[in-house]
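Inspection log for the structure reproduced underneath, given as structure tokens.
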Amino acid sequence: MSEQIIGWDREQMAQRAAQDIPNGAYVNLGIGIPEKVVRYVLEGREVIYHTENGLLGMGDAPAPGEEDPELINAGKKLVTAIPGAAYFHHADSFSMIRGSHIDICVLGAMQVAKNGDLANWSTGNPDAIPAVGGAMDLVAGVKTINVITQHVTKKGYPKLVEKCTFPLTGQAVVSRIYTDLAVIDVTAEGFKIVELAPGVDFDYVQERTGCTLVAA
Amino acid sequence: MSEQIIGWDREQMAQRAAQDIPNGAYVNLGIGIPEKVVRYVLEGREVIYHTENGLLGMGDAPAPGEEDPELINAGKKLVTAIPGAAYFHHADSFSMIRGSHIDICVLGAMQVAKNGDLANWSTGNPDAIPAVGGAMDLVAGVKTINVITQHVTKKGYPKLVEKCTFPLTGQAVVSRIYTDLAVIDVTAEGFKIVELAPGVDFDYVQERTGCTLVAA
Amino acid sequence: MINKQINSVEEAVAEIHDGATVMIGGFGEAGSPIELIHALIDQGAKDLIVVNNNTGSGHVGLAALIENRRVAKMICSFPKSANSLVFPDLYTKGEIELELVPQGTLAERIRAGGAGIPAFYTATSVGTPLAEGKEVRNINGRDFVLEYGLTADFALIKCLKADRYGNLIYNKTARNFAPVMAMAANTTIVQTKEFVPVGDLDPETVVTPGIFVDQVITVSDPLHESVLVNAGESYP
Amino acid sequence: MINKQINSVEEAVAEIHDGATVMIGGFGEAGSPIELIHALIDQGAKDLIVVNNNTGSGHVGLAALIENRRVAKMICSFPKSANSLVFPDLYTKGEIELELVPQGTLAERIRAGGAGIPAFYTATSVGTPLAEGKEVRNINGRDFVLEYGLTADFALIKCLKADRYGNLIYNKTARNFAPVMAMAANTTIVQTKEFVPVGDLDPETVVTPGIFVDQVITVSDPLHESVLVNAGESYP
């Protein structure tokens, strides 16, 4: 199986995730596609983005000439600070996370299990360099964990699975998943389709998923 | 026995304690006579006074007209801030104390035992209102705990004793004691006279002490 | 749009329910949100558990809240400052409960509550009556007691400047417990001397980021507790 | 007089001994004290235990310290950023040790070390391989792991402005780990872009009070790690 040619692209996935962020939410964005969410705040809403390296009120990338190498996000990309922002140190920043003050976190994933288990930090390959960053803190502390991910791996394996085979980041933490094919909730009955991408049907998604889906 | 009429007065006790504070020390002062120490920094020395309610770089009382009811010390008396001061919140303030960043604390005492046990927060009287403030944090965290106290209580009972009868603030914490009669170190051999107040002799101090003193 | 500004102290304290745990900022009068406390007295909530370093002075502010029999229990470090009359009287009569906590442990327990740390070890109080009944653990040769994080339903705090996001800065030693209480409370209610436009506060100097703040009410000319106490006033 | 200013980066790092634990500020290049790290390479201390969120980029700064085989062990959360070449190579060969710590736990362990908290509980990592071998305790129905405070012999950090008392302010997200590392190290060595007279920094806005700082060296025009990496530079 090659890369998906139907469904949402990366920008559309970010845009779809942004739609579910209510006015006034405090939101942390993981590295990768989630970083793009910052661009898609809906008209009439204000959302405050937190980056765990010490900024509340993160804005999008700076205009050319406005870059400061000491103003970056958790992915070490150049960002800006909105009016009304605040800087703080790392322990204070993770107090916001661990203390459940952040409302929503949007993360990438390697695997999500139907009970909401998340694996996004290690393949468990003993030769790989393990690197966890703030992922375990985020899933343990943030009220709502959403995931943006391609529905399958580059090799075509399902990322939504019965049970994670990779080492866990956190147990039963994921609420909602935005893939290129669908928006899917983690429910007591398992993965439930909330919305299908244009031109994608249930069976198409089911074929590419590692466990039985529940229809909307 | 009535109040001491020989020996050092309260200002002199504070002044004597100040002599032992080296240049560059970070010092916390307890409520009562210790508060007066701030006035007696020796010529040529700079000492940074910490007050646990959130100020490093505390100065003496404000000049008339300069008072701010929101600039007070731990005894809730009006103070000033020196140039180079810093304000911080209570948890940060006690990080300085608990984390052993304060070099010297000068406290009042109800009793000091010859092994350095300190009692300065409660008589243990079940009818009294217990109040501990920051005393237990200070004795647990500050590198050197010195005490300024009258040598005996108002009723004439010794405050330097074999063993404290009042509930402890901390165990084996006191290094040096400044009384109206003498400067006394807590040593492995017990209380050792370092210096006698003018006109006071060893026997006079010994008579007013609850255990055997070691001469200088 | 985010706007945490509200229009009256009455509205600010309206949701505080009987039995609520309420953290109240201030060390003595510095930082005491006296208008919010008086509004809470007017509002009538009772059986409160109040966390403050002290128990108030005279017959206004926190002392008046206690005197009006709204407080079932105080969690504090120093309940008998000069001019503390009300609490000692009720405590002696056995009509109010006290949990006495060393000041640094109190600050750290509040900070832990806000930071999602359920418990921590500290050397403070080891070997004293305040460690009785607490778990003691030897770590690297020294004894420490286990202390638990402290959270609250509400915090009432006072600041110098606030914006509509709830970003706050404070005045001098009035800062004291407010920043950690703002972290530890489910709903943080702030009285500010000045309300400023978003962008006025320098992001490098914000002490309490708006994430910890829920409601902001402007009290431009706050009462001074010591002035009221010296004048012999009482509330209501 | 108190004067923590020193005259050269060589003098600043002179006392760092073989086997020392050294906390190094910075999240990626933001806040990385690159001149102090290069001075440490020149100084020659080895078998260091280094605490940093990452492992450096390219062949300069922290990556160069590792490449020059001065680091026996890294304590970090994310050792393989973009442009991290040196550490992964040595780690794969088994020539450097790694203690992987979740980022928030790392920050809190450093803060605890500085605050005199020997250990605390956190929910982070529960049920994951990083909790293996750690004490788990159920508190109010949720599992938490026990984590220990982290201290160091030295901290090397970077700031924007400093005075002779060692009061510091930072620039934007370059603040990151520096304030807690300054608390947790026995000797804190700071490189500042500007050295200002005592009294210039507003007491309300000081981020790191001087009590946590031992030595201040002015580096007015610091190197940018990303510029050096993009130019393919290596140190020494």
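Rule-based calculations on the coordinates, nothing more; no lab input. Predicted, not measured: the structure shown is a model, and the values here were computed from it. So basically every Cβ, Gly included, is an ideal-geometry build from the backbone, and we count neighbours across all protein chains shown.
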C-alpha center-to-center spacing [region D:133-195, region B:2-41] in angstrom: 34
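Taking the Cβ-Cβ separation of residue C:148 and residue C:47 as r and a Förster radius of 25 Å, what is the calculated FRET efficiency to the nearest 0.05? Walk me through the numbers on the way to the answer.
Numbers: r = 22 Å, r/R0 = 0.86.
It comes out at approximately 0.70.
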Computed label-point distance, nm, for sites residue A:207 and residue D:221 using a 7 Å Cα→Cβ extension: 6.3
Distance between region A:134-183 and region C:68-132 - C-alpha centres, whole angstrom: 43
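Of A:165, C:128, how do they rank once you tally other Cβ atoms within 10 Å and put the fewest first? Intermediate results must be reported in sequence, preceding the final value.
Values: A:165 14, C:128 24.
Least to most surrounded, the residues fall as A:165, C:128.
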Label point distance in nm, residue D:234-residue C:200, each placed 7 Å from Cα along Cα→Cβ: 5.6
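Given 37 °C and 0.692 mPa s, how large is the Stokes-Einstein diffusion coefficient of chain C in µm²/s, with Rh as the Kirkwood radius over Cα pairs? The partial results should precede the final answer.
Working: Rh = 18.1 Å.
Here the translational diffusion coefficient equals 182 µm²/s.
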Debye log10 I(q)/I(0) for chain A, one point scatterer per Cα, at q = 0.12, 0.17 Å⁻¹: -0.62, -1.20
Separation in nanometres of the label points that stand 7 Å from Cα toward Cβ, at residue A:128 and residue C:138: 4.3
Across the identical copies, how the residue D:46 labels are spaced - nm, sorted shortest first, 7 Å along Cα→Cβ: 7.6
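What percent does the relative contact order of region D:143-193 come to when contacts are Cα pairs within less than 8 Å and at least six residues apart? Write out the running numbers ahead of the final one.
Details: 66 pairs, mean separation 25.3, N = 51.
Relative CO of region D:143-193 lands at 50 percent.
Where does each of B:47-53, B:28-34, B:123-129, A:151-157 land if you order them by average Cβ count within 10 Å, highest first?
Working: B:47-53: 25.9, B:28-34: 23.3, B:123-129: 11.4, A:151-157: 14.1.
Descending mean neighbour count gives B:47-53, B:28-34, A:151-157, B:123-129.
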Efficiency of FRET from Cβ geometry, residue C:99 and residue A:165, R₀ 35 Å, rounded to 0.05: 0.10
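Going by how many other beta carbons lie within 10 Å of each one, how would you line up A:36, D:93, fewest first?
Values: A:36 20, D:93 8.
By the 10 Å Cβ count, ascending: D:93, A:36.
Counting only other chains, and only Cβ atoms inside 10 Å, what mean value do you get across the residues of D:179-185? Please report the intermediate quantities before stating the final value.
On the way: counts 7, 5, 2, 1, 7, 1, 0.
Per residue, the number of nearby Cβ atoms from other chains is 3 on average.
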Normalised contact order of region B:10-207, rounded percent, pairs of Cα under 8 Å and 6 or more residues apart: 18
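Above 55 Å lies some portion of the pair distances; for the protein assembly as shown, what is it as a whole percent of all C-alpha pairs?
On the way: 56745 of 408156 pairs.
In whole percent, the long-distance tail amounts to 14.
Could you sort D:41-47, D:84-90 so that the peptide with the highest average Cβ count within 10 Å comes first and the rest follow in order?
On the way: D:41-47: 15.1, D:84-90: 19.4.
The peptides rank, most packed first, as D:84-90, D:41-47.
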Cα-based Kirkwood hydrodynamic radius, region A:27-73, one decimal, Å: 11.6
Value of [θ]222 nm, deg cm²/dmol, for the protein assembly as shown, DSSP H segments ≥ 4, -39500 (n - 2.57) each, nearest 500: -5000 deg cm²/dmol
Contact order normalised by residue count of region B:1-112, Cα under 8 Å, 6+ apart, percent: 29
Order of C:132, A:11, D:15 - criterion: other Cβ atoms within 10 Å of each residue's Cβ, fewest first: C:132, A:11, D:15
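What does the net charge come to around residue C:150 if you take all other residues with beta carbon closer than 13 Å to its beta carbon, with K and R at +1 and D and E at -1? Display every interim value, and only then the final one.
Values: positive: C:73, C:109, C:111; negative: C:99, C:108, C:147, C:153.
For residues surrounding residue C:150, the net value is -1.
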Pairwise centroid distance, computed over Cα atoms, of region B:186-216 with region B:43-102, Å: 34
